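The values are calculated or read from the model by the stated rules, or taken from the named source; none is laboratory data. Being a predicted model, the structure only gives us computed values, none of them experimental. As a convention, Cβ positions derive from the backbone with ideal geometry for all residues, glycine included, and neighbour counts pool all protein chains shown. The area values use the complete protein model at the heavy-atom level, side chains included, leaving out ligands, DNA and RNA. Shrake-Rupley method; radii C 1.70, N 1.55, O 1.52, S 1.80 Å.
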Protein chains: 2
Amino acid sequence: MSEPFVVIGGDAAGMSAASKAKRDNPELDVVVFEKGEWVSYAACGMPYFVKGDVESLDDLVKVTPESFREERDVDLRTGHEVVGIDPEHRTVTVDDGDETFEQPYADLLVATGASAIVPPFDGMGLDGVFTIHDMDEAGAIDAFVADHDPETAAIVGGGYVGIEMAEALAARDVDVHLYEMLPHVLQPFGAAVAARVEDHLVDQGVELHLDTAVSGFSGEDVVEAVHLDDEVTPVDVAVVGVGVEPNVDLAVDAGIETGPTGAIATDEYGRTNHDHVYAAGDCAEARHVVTGEPDHVPLALTANRAGRAIGQTVTGTPTSVGDVAGTAIVKAFELGAARTGILDEERARDAGFDPVSVTISAPTRAHYYPGGAELTVTLLADSDSGRLLGGSVVGGEGAKRIDTVATALHAEMTASELQYADLAYAPPFGPVWDPVLTAAKVLDGKVD
Amino acid sequence: MSEPFVVIGGDAAGMSAASKAKRDNPELDVVVFEKGEWVSYAACGMPYFVKGDVESLDDLVKVTPESFREERDVDLRTGHEVVGIDPEHRTVTVDDGDETFEQPYADLLVATGASAIVPPFDGMGLDGVFTIHDMDEAGAIDAFVADHDPETAAIVGGGYVGIEMAEALAARDVDVHLYEMLPHVLQPFGAAVAARVEDHLVDQGVELHLDTAVSGFSGEDVVEAVHLDDEVTPVDVAVVGVGVEPNVDLAVDAGIETGPTGAIATDEYGRTNHDHVYAAGDCAEARHVVTGEPDHVPLALTANRAGRAIGQTVTGTPTSVGDVAGTAIVKAFELGAARTGILDEERARDAGFDPVSVTISAPTRAHYYPGGAELTVTLLADSDSGRLLGGSVVGGEGAKRIDTVATALHAEMTASELQYADLAYAPPFGPVWDPVLTAAKVLDGKVD
């Protein structure tokens, strides 16, 4: 096979696949088309650039384009947009800015990512109104804050992006109004996390507007106010973070099927319905470890490991992309909040489980040891089998304890089994019964 | 059954069993005989009392004797030493200090704990030479340091007690010499942990003497020097922490069998070879989750959960005491070090495995996010099956990540399965691939 492995999209999934394929088979030609100029960048780091914790956007780039080209011998072409896929003839049509050309492929990876949802608000085009999903937007927000020295910000959306941006802007002395349409922030993290994060946001001076729909923005050229149905609040800058949607148009136009979530349907090897066409990252579905059903988890680890697996598969070692648990973690000022699996009881019932849950609070260190924090742990299990379905943790430290729960989900452990896990104890690191064990113990008492 | 549930020993295992039995069956009489005056205390907190982080020894007591008696309705008798067990007639002989009496039991729990090993050193009886395994000893060390203002300390033993005491005494402005007979400190934590902890101890000003056998101490009444074979070093205080041995004499005299480790042999319900006689805590064996063989893990969680399970079993709900993984964690000044499972390749081979291991270092936060620390992770797996056998982590933060590995051991996961666990990622909490995932990934590449 003399045709190359072609990758569309130069971020986490795409570059992981390209690098791994080239490493496993140095003879293989690997071509990556990226329509922008940034590759392999840490989108998750952008709020910390705006906050000032990260000095330069370049710091967010893990591997530079030069390094991909020279050290990894990947034919990376930035400024190249793939505008068509022909799965039948195994070619893609590429626009390099000047002209278009056809590129044949042996295998193709669609890693087109996701885009920030742009809601149909009035005034979305005003200066000072931003979404935040790529590096240029992060740079623009930073520059706007530096230039305009805004006093008040509207953040629309109480998901992790909204909360991280609230922290970032507050650190730059901006008064933050946070608007969330739903009754609570961080909806996928469940009620126990939301309660503590909301209290904490208020403690940190954020004006929290829950159950509140924004209708748009107004201003001359620059944003001057955020509009609700019956209220106008003056603001000097606005960030809209209401979620992302997978970039699937290119794939759909080529007859590549999407699944129930709207992202590209894939099998356990990341294959689409077309031979030799794979999809991975924020544009693709993955299988949920608890439900076994397709899910859309547009997060960095999912993208990285699926890309890596596909890089192995196309070089002759079929490798599963792995299941997702929807594990996520977010820093909200001084709190850490994390979740994994299924926390929503209705979703659990839809998947055929009979959910029962507990929420406990316990300290992260021995009761007599200085400096601990209260950790609130929620665990959800199936009442019949005891099988763990999901969990969340929130507290001033210890949010990474969610990894214990995520690991238990992958192993299909029951609450009883987790309760008897021999977790680490010493006074500076936890109480004798780790908060996760305490939650499992209480939950075990509630299952049939 | 009108006879009570009798417990010998009022610490973690004993009081957990007594409390749980009374809670599950309030009609049952529960009698605890404790030969000392302290019950339910956190021995693991003693170094932090000596250090000054914990103000009073009373702070280390989780539940007071009064509370056990009044709130939990447990017939707790401190100052009562059980001097004989008659399994045939189901009685124990108790010495209350004035006289002895017979106490019948329906079920008996032997929770006699462990004692600090007292090596046959010269001068062990000198003032200022301490072991540290109970509250009175902790109080005595604290008082000695306050009264004598020692300039130099000898700590004998580089296990976790020795290292915690080094930190404690250093915090009180004592120059610490730490003596370890073996080539490395923290032997059960493996080479990668030892290397980093040793460097760190030296950085913190500890004079580290590895591969060095102490022969004893000398002094008039108070210790004045520590002796090696060919060297005498002046010291003003000494702490000997060379391990613990299970307190089994009482049980052995009654024909209760010990196992290969020298601790009391038990089955999965904590039962000994005698009907209605259980053993738990530091005096008892437990089953190792990886080898399936008896092990002796004298740690707090093992004791607490075995006690609790036995409290359930004797009240009619047979409950397994759970397997142990030998999970342990220790703070060494500014480092955290943790281990779980089998790290020793010879032990792995003895258990029928063909071990292969990796050690990697990775940051605990995204590379661009401030404040991270380098975490060194070791994982050991069976080369044929890929099954994980054990692991260790050491670093300036993140040592509790060992819990992910411990959970994987309980679930009998392979390196490949752990590699695909969906662990939490956000820049303040880790790199995209958590260090544990990176280690699993590299290890997976090395198994057959």
Can you name every residue in the stretch B:359-381 that is assigned to a strand (DSSP E or B), more than 14 Å from residue B:396 (Cβ to Cβ) and more than 26 Å from the chain's Cα centre (by Cα)? B:360
Any idea which of (1) assigned to a helix (DSSP H, G or I); (2) within 12 Å of chain A (Cβ to nearest Cβ) is the one residue B:442 doesn't satisfy? (2)
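This table checks each residue for (1) modelled with pLDDT of 95 or more; (2) among the acidic types (Asp, Glu).
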site	(1), (2)
A:72	no, no
A:96	yes, yes
A:110	yes, no
A:116	no, no
A:123	yes, no
A:135	no, no
A:153	yes, no
A:156	yes, no
Per the filter on the stretch A:113-150, residues part of a strand (DSSP E or B) and crowded, with 17+ Cβ neighbours inside 10 Å are A:114, A:116, A:129, A:130, A:131
Which residues, counting only those in the stretch A:410-429, are more than 27 Å from the chain's Cα centre (by Cα) and at the interface with chain B (Cβ under 7 Å from one of its Cβ atoms)? A:417, A:420, A:421, A:422, A:423, A:424, A:425, A:426, A:427, A:428, A:429
Of (1) more than 7 Å from chain A (Cβ to nearest Cβ); (2) touching a strand residue (DSSP E or B) at 6+ places or on another chain (Cβ under 6 Å); (3) not small (Gly, Ala, Ser), residue B:397 satisfies all except one. Which? (2)
Strands (runs of 3 or more DSSP E) wholly inside the stretch A:1-92 containing at least 3 residues that are away from every other protein chain (no Cβ under 12 Å), open to solvent by less than 30 Å² (accessible area, probe 1.4 Å) and in contact with a strand residue (DSSP E or B) (Cβ under 6 Å, 6 or more places away or on another chain): A:5-8, A:30-34, A:81-86
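Taking the conditions exactly as written (open to solvent by less than 10 Å² (accessible area, probe 1.4 Å), facing chain A (nearest Cβ under 8 Å) and aliphatic (A, V, I, L, M)), does residue B:406 satisfy them or not?
When the stated conditions are applied, residue B:406 passes them.
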Tell me which residues, restricted to the stretch B:93-107, are buried (at least 17 other Cβ atoms within 10 Å of the Cβ) and part of a loop (DSSP other than H, G, I, E, B). B:105
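Restricting attention to the stretch A:288-315, which residues are under 18 Å from the mean Cα position of the chain (by Cα) and either under 10 Å from residue A:12 (Cα atoms) or touching a residue at least 60 places away in the same chain (Cβ under 8 Å) (or both)?
A:289, A:298, A:299, A:300, A:301, A:302, A:303, A:304, A:305, A:306, A:307, A:308
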Identify, please: which residue in the stretch A:430-439 is farther than 20 Å from residue B:421 by Cβ and within 10 Å of chain B (Cβ to nearest Cβ) and is, among those, least open to solvent (accessible area, probe 1.4 Å)? A:430
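Checking the conditions here, which among A:393, A:432 is of a type in the set (Val, Ile, Thr) and part of a loop (DSSP other than H, G, I, E, B)?
Exactly one residue qualifies, and that residue is A:432.
Given the residues B:321, B:356, which is the only one that is more than 7 Å from every other protein chain (Cβ to nearest Cβ) and open to solvent by less than 20 Å² (accessible area, probe 1.4 Å)?
When all the criteria are applied, what remains is B:321.
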Please go through the stretch B:241-287 and pick out each residue that is open to solvent by less than 30 Å² (accessible area, probe 1.4 Å) and either under 15 Å from the mean Cα position of the chain (by Cα) or of a type in the set (S, T, N, Q) (or both). B:241, B:246, B:263, B:272, B:280, B:281, B:283, B:284, B:285, B:286
Looking at B:399, B:373 in this structure, which one is surrounded by fewer than 23 Cβ atoms within 10 Å (Cβ to Cβ), of a type in the set (A, V, I, L, M), assigned by TED's automatic domain parsing to the domain that holds residue B:341 and more than 20 Å from residue A:340 (Cβ to Cβ)? B:373
Would you mind stating whether residue B:381 is in contact with a Lys or Arg (Cβ under 9 Å, 6 or more places away or on another chain), on the phi < 0 side of the Ramachandran plot, small (Gly, Ala, Ser) and within 11 Å of chain A (Cβ to nearest Cβ)? no
